[in-house]
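To start, the structure under review is shown below, and the notes come after it.
Derivation of every value follows stated rules applied to the coordinates shown; laboratory data play no part. Computed from a predicted structure; not experimentally measured. Note that we place each Cβ from the backbone using ideal geometry, even for glycine, and neighbour counts take in every protein chain shown.
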Amino acid sequence: MLNHNNTLIAYLTVLLIFIISGALSSTAGIVIISIITLFFVSLLATASARIQMNFFIKAVNNGSREKATVTLTFDDGPDRNITPQILEILEKHNIKATFFCIGEKIEQNRDILKMISDKGHTIGNHSWSHSVFFDFYLPGRMAGEIEKTDRLIKEITGKNVVFFRPPFGVTNPFLAGALKKTGHTVIGWSLRTFDTVKDKERILKKIETKVADGDILLFHDTVPQTVELLEKSIEIIKNKGMEIVGLEGLIV
Ligand SMILES: [Zn+2]
């Protein structure tokens, strides 16, 4: 399977062959290596943005496709207003979910994080800052952010954090280095609802037509719309005969 190491080795081998054979002294040789380089760079950019490719990091993007179970995940909280409303709906349906929380938001909403934990949901790490520059940080700085968030979650809930979801789902060699140090299991997703940008009807239609056995669904507990569409989403999934389980139950 394509990954960062074997692709890099293949590219460097081709480059070396071109140099040794003297092919770079011809215009045709330069054009060909330029095309190969462009393809290589495009592949790196695409792989960074698509966690499901498992290119830089091996992530869990879905559970078994053989079992009629799915799981719900909520990113970017805890939010003082939205998260408690999400928790109420989940409790009503006796559903356990996973919340990938941001350290800076946890600091402002310690009681909400405690509430998530006390209700039996799983808390995952989603970095400290969720900065747009996070992917440009060196591995040491990334690991520092991740560990700082882990410490705060442990301080508030008493629980160790096992799961990490990269901010924006972006992966790269620096993050791979950071995670080697922190040792988290990386969780991606297989069904993204785009609940922060798309309208409710489109999202529900997508769930209705796309949800499949083993899916990890991605929501955000930061937008009012998610509260509105959660109840209906649960109904759609249950009507398809699927059970909504916790992340641990889906991926074991
Ligand atoms: Zn996020």
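With only Lys, Arg, Asp and Glu charged, each at its Cβ (+1 for the first two, -1 for the last two), find how big the charge dipole of the chain is about the Cα centre; round to the nearest 20 debye. Provide the component values of the computation, followed by the final result.
Details: 29 positive and 27 negative charges, 88 e Å.
Its charge dipole is roughly 420 debye.
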### Approximate spin-label separation ASN81-VAL252, in nm, with each point projected 7 Å along Cα-to-Cβ
3.8 nm
#### Entry: Ellipsoid equivalent to the stretch 4-49 - semi-axes via the Cα gyration tensor, in Å
22, 13, 4
### Task
Can you tell me how much longer the chain between PHE133 and ALA45 gets when fully stretched, taken as 0.36 nm per residue apart minus their C-alpha distance, in nm with one decimal?
30.1 nm
### Message
Explain nothing, just the number: relative contact order of the stretch 59-251, from Cα pairs under 8 Å at least 6 residues apart, as a whole percent.
### Response
37 percent
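Charges only on Cβ, +1 for Lys and Arg, -1 for Asp and Glu: so what's the dipole of the stretch 170-247 about the Cα centre, in debye to the nearest 20? Can you show the working numbers first?
Working: 12 positive and 11 negative charges, 70 e Å.
Roughly 340 debye, rounded to the nearest 20.
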### Task
Normalising by the residue count of the stretch 139-252, find the relative contact order in percent from Cα pairs under 8 Å and 6+ residues apart.
21 percent
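Set the Förster radius R0 to 25 Å, insert the Cβ-Cβ distance between LYS198 and GLN52 as r into 1/(1 + (r/R0)^6), and round the FRET efficiency to 0.05.
Here the calculated transfer efficiency is 0.85.
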### Query
Among the DSSP beta bridges whose two residues both lie in the chain, what percent are antiparallel, rounded to the nearest 5?
5 percent
#### Entry: Rounded tilt (10° steps) of 139-157 against the dominant C-alpha axis of the chain
10 degrees
### Message
What is the angle, in °, between the Cα long axis of helix 27-49 and the longest principal axis of the Cα atoms in the chain? Nearest 10 is fine, range 0 to 90.
### Response
10 degrees
### Message
Can you give me the distance in nm between label points at ILE89 and LYS159, each placed 7 Å from the Cα along the Cα-to-Cβ direction?
### Response
2.1 nm
### Query
Given the pairs LYS114/LYS205; LYS92/LYS240; LYS180/LYS210; LYS205/LYS240; LYS210/LYS238, which span a C-alpha to C-alpha distance of over 24 angstrom in this model?
LYS114/LYS205; LYS180/LYS210
### Query
222 nm [θ] for the chain, helices only, -39500 (n - 2.57) per DSSP H run of 4+, per residue, to 500?
-16000 deg cm²/dmol
### Task
For the chain, find the longest principal axis of its Cα atoms and tell me its angle to the long axis of helix 224-239, 0 to 90°, nearest 10.
90 degrees
### Segment LEU12-ASP118, length gained on full extension (0.36 nm per residue, minus Cα span)
33.0 nm
### Query
In the stretch 1-83, which trypsin sites (Lys or Arg not before Pro) are in a loop and have at most 11 other Cβ atoms within 10 Å, using DSSP for the loop call?
ARG65
### Extension reserve of the LYS67-LEU24 stretch, reckoned as 0.36 nm per residue once the Cα distance is removed
10.1 nm
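If you average 1/r over all unlike Cα pairs in the chain and invert the result, what Kirkwood radius do you get in angstrom?
Details: mean 1/r = 0.0509 Å⁻¹.
Over the chain, the inverse of the mean reciprocal pair distance is 19.6 Å.
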